[in-house]
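Visitor: Could you have a look at this structure, given as structure tokens, before my questions?
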Amino acid sequence: MKITFLGGTETVTGSKYLVETATTKLLIDCGLYQGYKWLRKRNREPLPLNINELDGIVLTHAHLDHSGFIPAIYKQGYRGPVYTHSATLGLCSILLPDSGHIQEDDAKFYSLHKLSKHETPKPLYDKQTAQDQADTDMWC
């Protein structure tokens, strides 16, 4: 077995661990980096893995630093299973669309007040993307 730390290192946010065996690749947690700008920038960096090779995501709990990157990986094309407790799924169905909504509002604010180096700031994902992935049958 091999474990690769893809997040949650040098900080307590952005939890992602790739667990590989000879036959299986699982991502344990799929967290969003939060806090300082240098941390949030990591959310935009490509994951060092082919998401189509994942056999699944195991989500330990609903906190955004463990679940908040799921809509982003969904936006990138991931359609595999997400294994979690039904209570975690219930919380994520509220939490993730709300996170997308907040990101949309932040992008509008940065654009309005010209606080971004980008001409048109964009959220990592929006409310609709988070809602779309929450409504799929990928949750187990």
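The values are calculated or read from the model by the stated rules, or taken from the named source; none is laboratory data. Everything numeric in this text was worked out from a predicted model, so none of it was measured. Cβ sites come from the backbone with ideal geometry, for glycine too, and all protein chains shown count toward neighbours. Surface accessibility is based on the protein's heavy atoms, side chains included, excluding ligands, DNA and RNA. Shrake-Rupley method; radii C 1.70, N 1.55, O 1.52, S 1.80 Å.
Visitor: Please check the chain for the longest run free of GluC sites (Glu not before Pro) that are loop-located per DSSP (anything but H, G, I, E, B) and have at most 10 other Cβ atoms within 10 Å. Don't jump to the answer; show the numbers that get you there.
Guide: Working: sites that count: Glu10, Glu119.
Longest gap between qualifying sites, sites excluded: 11-118.
Visitor: Pick out, in residue order, every one of the chymotrypsin sites (Phe, Trp or Tyr not before Pro) in region 1-82 that is DSSP loop and has at most 15 other C-beta atoms within 10 Å; say none if there are none. Intermediate values should be presented prior to the final figure.
Guide: Numbers: sites: Phe5, Tyr17, Tyr33, Tyr36, Trp38, Phe69, Tyr74, Tyr78; in loops: Tyr33, Tyr36, Phe69, Tyr78.
Loop-located and lightly packed - Tyr36.
Visitor: Continuing with the same structure: Could you name the lysines in cross-link range of Lys37, using Cα to Cα under 23 Å and dropping any fewer than eight places away on the same chain?
Guide: Lys16, Lys75, Lys108, Lys114, Lys117, Lys122, Lys127
Visitor: A further question follows. Taking the chain as the reference, fit the longest principal axis to its C-alpha atoms, fit the long axis of helix 86-112 to the helix C-alpha atoms, and give the angle between the two in degrees, 0 to 90, nearest 10.
Guide: 30
Visitor: Note down the relative contact order for the chain as a percent, whole number, built from C-alpha pairs under 8 angstrom at least six residues apart.
Guide: Values: 242 pairs, mean separation 27.1, N = 140.
Across the chain, relative contact order equals 19 percent.
Visitor: On average, how much accessible surface per residue is there in the chain, in Å², for a 1.4 Å probe, leaving out ligands, DNA and RNA?
Guide: Counting only protein heavy atoms, the per-residue value for the chain is 58 Å².
Visitor: Where in the chain lies the longest segment free of trypsin sites (Lys or Arg not before Pro) that are both loop residues by DSSP (not H, G, I, E, B) and have at most 14 other Cβ atoms within 10 Å?
Guide: Numbers: sites that count: Arg79, Lys114, Lys117.
The reported range is 1-78.
Visitor: If you don't mind, another one. Ignoring everything except DSSP H segments at least 4 long, calculate the 222 nm mean residue ellipticity for the chain; use -39,500 (n - 2.57) per segment, divide by total residues, nearest 500.
Guide: -10000 deg cm²/dmol
Visitor: Which residue, Ala87, Ile73, Trp38, has the largest displacement toward the positive end of the dipole of region 33-101 when charges sit on each Cβ (Lys, Arg +1; Asp, Glu -1)?
Guide: So the residue we want is Trp38.
Visitor: Among [x] 17.2, 52; [y] 15.0, 51; [z] 25.2, 83, only one was calculated for this model; which label is it, if the read-out is Rg and Dmax of the Cα atoms in Å?
Guide: Label [y] holds the value from this structure.
Visitor: Okay, next question. For a quick check: with amide H placed at 1.01 Å from N, whose amide H comes under 5 Å from Leu49's, ignoring anything fewer than 5 positions away on the same chain?
Guide: Those lying under 5 Å, H to H, from Leu49: there are none.
Visitor: Stretched out fully, how many nm does the piece from Glu45 to Cys140 gain, at 0.36 nm a residue minus the Cα gap? Present the calculation step by step, with values, prior to reporting the outcome.
Guide: Details: separation 95, 0.36 × 95 = 34.20 nm, distance 2.73 nm.
Stretched fully, the Glu45-Cys140 segment lengthens by 31.5 nm.
Visitor: Quick one: with all protein chains in place, what share of the accessible area of the chain is carbon or sulfur, to the nearest percent (1.4 Å probe)? Before the final figure, lay out the partial values.
Guide: Details: 4540 of 8160 Å².
About 56 percent, which is the carbon plus sulfur part of the accessible surface.
Visitor: Give me Rg/Rg_expected for region 76-125, where Rg uses Cα atoms only and Rg_expected = 2.2 N^0.38 Å with N residues. Don't skip to the end; give the middle numbers.
Guide: Values: Rg = 14.8 Å, N = 50, 2.2 N^0.38 = 9.7 Å.
Against the empirical 2.2 N^0.38 Å value, I get 1.52 for region 76-125.
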